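Only the coordinates and a few stated rules stand behind these numbers; no lab work does. Keep in mind it's a predicted model, so treat the numbers as computed, not measured. With ideal geometry, Cβ positions are generated from the backbone for all residues, glycine too; neighbour counts draw on all protein chains shown.
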Amino acid sequence: MFNFKKGLGISKFLTHVSMECQDIIHKLLTYNPDERYSAKNALAHPFFKELVEQELKLSKMSFNNYNFK
């Protein structure tokens, strides 16, 4: 296999993004698949909180505007 080589860390290259963004990228790019974030984990990450809340709000609005007869 390959020799171990310690990396520089992704955060060094992502100084222009939020800490939440750096965190989720780090978790999605984790080498070990057992430790790597799944899509489900990623969507539950705080980085997507606003997006999830907006989606829930829109789905409630759509549901409330539907006439049940």
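Annotations
- R0 of 22 Å, Cβ-Cβ distance CYS21-GLU55: FRET efficiency to nearest 0.05: 0.70
- The chain: angle of helix 19-28 to the longest principal axis, Cα-based, in degrees nearest 10: 70 degrees
- Relative to the dominant Cα principal axis of the chain, helix 49-64 is inclined by about 20°.
- Taking only the alpha carbons of the chain, we obtain Rg and Dmax values of 18.4, 67 Å in that order.
- Judged by the mean number of other Cβ atoms found within 10 Å, the most tightly packed of the peptides 15-23, 31-39 leads the ranking 15-23, 31-39.
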